Amino acid sequence: MIKRRAAITGIGAYVPDAILDNFELSKMVDTSDEWIMQRVGIKERRILKDRNKATSYMAVKAIGNLLKKTKTPPEDIEFLICATITPDMHFPATANIICDKTGLKNAFSYDLSAACSGFLFALETGRRFIESGGYKKIIVVGADKMSAITNYADRTTCALFGDGAGAVLLEPADNGYGIIDAILSVDGSGAKNLHMAAGGSLMPATHDTIESGLHYVYQEGQAVFKFAVSKMADVSLEIMKRNDLGHDDIKYLVPHQANLRIIEATARRMGIKREQVMINIERYGNTTAATIPLCLWEYENQLNPGDNLILTSFGAGFTWGAIYVKWALQS
Ligand code: UT7
């Protein structure tokens with residue numbers, strides 16, 4: 001008997017209209033289009049400018065797009081996971097706010113915090129709920145308003161991030177397609193290299209923390225870079241090996257979009273050709289939990305049922321992983 005799997009049966013996404021390009025950035029800090037393109041590969045990023053709108057706003061838009069595309073009544077959704085590190089508030093969970101605003105009256109929900117690996121961690125969680133047999137319709141949304149925690153006076157980080165949201169619908173599939181395998185890892189000792197120091201219980205907000213810029217992303221770029229390449233390549237090769245997949249069996253590698261050089265080095269180390277890699281970093285930058293669903297959303301028309309995809313990510317925590325998906329959706 002074929003095992004019940006969780007399949008991605010729809011994708012929706014949202015990015016804000018406002019564009020912050022390298023030219024604009026070079027008026028804010030000492031940087032240039034040339035440096036950013038050469039070192040990171042980002043041309044522009046989207047920014048949610050309205051101060052009264054937060055991560056839930058983008059997630060609600062992405063889910064609205066998803067429900068419309070899949071013709072799914074909101075009340076059919078049983079469970080929603082929101083992967084984010086920029087929740088609207090510390091509590092309640094942003095996922096709960098999203099359920100309220102999208103009419104998911106019959107869903108329970110929670111947030112999941114795994115930074116750039118958030119979408120993969122949430123996808124694996126949703127997959128297991130579907131495989132349990134207890135749930136038939138789950139939404140996984142990755143959404144981050146990175147502009148809320150980015151210091152636009154710090155040239156080492158402000159060029160990297162953008163805002164956006166991407167959502168997928170998970171449903172049971174009995175035809176052998178869907179999410180086949182996952183390997184997820186964390187190493188908490190990496191917290192020193194990439195974090196936001198203040199605002200939590202360790203360092204509640206004070207005048208001092210604000211004046212010292214401790215409510216912004218802090219990153220030791222080079223240390224993170226090295227880990228990102230080796231971890232994403234190694235875990236992707238591991239999942240390919242244990243599923244007997246050769247390079248030519250892979251339709252697309254879907255890597256987290258943090259730096260074009262990281263993406264290219266990962267693909268090189270894996271022996272994967274550039275045309276087998278989903279890339280859209282040039283237009284959106286690093287949207288943290290949203291990068292992978294934004295890629296799937298943009299490449300959806302190029303995918304066919306049975307295509308093998310390797311989703312991989314690396315981010316703050318450290319967190320990293322790979323998920324093997326046999327694509328189920330006819331575009
Ligand atoms: O998604 C979460 C995981 N995050 C990542 O995967 C990001 C990993 N790291 C990176 O992508 C890269 O390390 C960065 C893009 C963050 C930085 O690139 P880099 O090639 O590692 O540059 P660097 O930090 O070694 O800096 C080289 C120089 C420095 O100047 P000095 O000290 O040599 O004079 C920086 O101050 O480049 C300077 N620099 C810039 N110059 C112009 C740093 N940022 C900029 C900038 N414009 N925006």
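Checking Asp174 against (1) surrounded by 17 or more Cβ atoms within 10 Å (Cβ to Cβ); (2) among the acidic types (Asp, Glu); (3) over 18 Å from the mean Cα position of the chain (by Cα): exactly one of these is not met. Which one? Unmet condition: (1).
Of all residues in region 39-75, which are outside any helix (DSSP H, G or I) and more than 30 Å from Phe225 (Cα to Cα)? Asp50, Arg51, Asn52, Lys53, Lys71, Thr72, Pro73 - these are the residues of region 39-75 that are outside any helix (DSSP H, G or I) and more than 30 Å from Phe225 (Cα to Cα).
Across region 95-123, the number of residues qualifying as outside any loop (DSSP other than H, G, I, E, B) and over 23 Å from Tyr218 (Cα atoms) comes to 13.
Here is a yes/no grid of residues against (1) of a type in the set (S, T, N, Q); (2) away from the ligand (no atom under 16 Å from the Cβ):
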site	(1), (2)
Ser185	yes, no
His195	no, no
Glu211	no, yes
Val217	no, no
Ser230	yes, no
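Can you work out which of the residues in region 131-154 that are among the polar types (S, T, N, Q) and closer than 30 Å to Ala198 by Cα is surrounded by the most Cβ atoms within 10 Å (Cβ to Cβ)? Residue satisfying both the conditions and the ranking: Thr150. Among the residues of region 71-109, those identified as closer than 25 Å to Thr288 by Cα and of a type in the set (S, T, N, Q) are Thr84, Thr86, Thr94, Asn96, Thr102, Ser109. Just the residues that are out of contact with any Cys (no Cβ under 9 Å at 6 or more places or on another chain) and in contact (Cβ under 8 Å) with a residue 60 or more places away in the chain, please, taken from region 68-81. Result: Thr70, Thr72, Asp76, Glu78, Phe79, Ile81. Within region 117-129, residues that are without any contact (Cβ under 8 Å) to a residue 24 or more places away in the chain have Cβ atoms under 8 Å from residues that are open to solvent by less than 10 Å² (accessible area, probe 1.4 Å) and part of a helix (DSSP H, G or I) in no pair, counting only partners at least 6 apart in sequence or on another chain.
For region 73-90, filtering for residues that are over 22 Å from Phe161 (Cα atoms) and touching an Asp or Glu at 6+ places or on another chain (Cβ under 9 Å) leaves 1. Evaluate region 30-38: report whether one residue or more is touching a Lys or Arg at 6+ places or on another chain (Cβ under 8 Å), in a helix (DSSP H, G or I) and loosely packed, with under 14 Cβ neighbours inside 10 Å. No, region 30-38 contains no residue that is touching a Lys or Arg at 6+ places or on another chain (Cβ under 8 Å), in a helix (DSSP H, G or I) and loosely packed, with under 14 Cβ neighbours inside 10 Å. Thr157 falls short on exactly one of the conditions (1) assigned to a strand (DSSP E or B); (2) open to solvent by less than 10 Å² (accessible area, probe 1.4 Å), and that condition is (1).
Scan (1) outside any helix (DSSP H, G or I); (2) surrounded by fewer than 19 Cβ atoms within 10 Å (Cβ to Cβ) for the single condition Val168 breaks and write down its number. Here Val168 clears every test but (2). Within region 76-93, the presence of a residue that is in contact with a strand residue (DSSP E or B) (Cβ under 6 Å, 6 or more places away or on another chain), of a type in the set (D, E, K, R) and over 25 Å from Val325 (Cβ atoms) is excluded.
Please determine whether any residue of region 93-101 is in contact (Cβ under 8 Å) with a residue 40 or more places away in the chain, surrounded by 22 or more Cβ atoms within 10 Å (Cβ to Cβ) and within 16 Å of the ligand (Cβ to nearest atom). Within region 93-101, none of the residues are in contact (Cβ under 8 Å) with a residue 40 or more places away in the chain, surrounded by 22 or more Cβ atoms within 10 Å (Cβ to Cβ) and within 16 Å of the ligand (Cβ to nearest atom). List the helices (runs of 4 or more DSSP H) inside region 257-331, counting only whole elements, that have at least 2 residues being surrounded by fewer than 20 Cβ atoms within 10 Å (Cβ to Cβ) and within 12 Å of the ligand (Cβ to nearest atom). Hits in region 257-331: 260-270.
The values are calculated or read from the model by the stated rules, or taken from the named source; none is laboratory data. Since this is a predicted model, take the numbers as computed values, not measurements. Cβ coordinates were reconstructed from backbone atoms using ideal geometry, including for glycine residues, and neighbour counts include every protein chain displayed. In case anyone asks, the SASA skips ligands and DNA or RNA and just uses the protein heavy atoms, side chains included. Shrake-Rupley method; radii C 1.70, N 1.55, O 1.52, S 1.80 Å.
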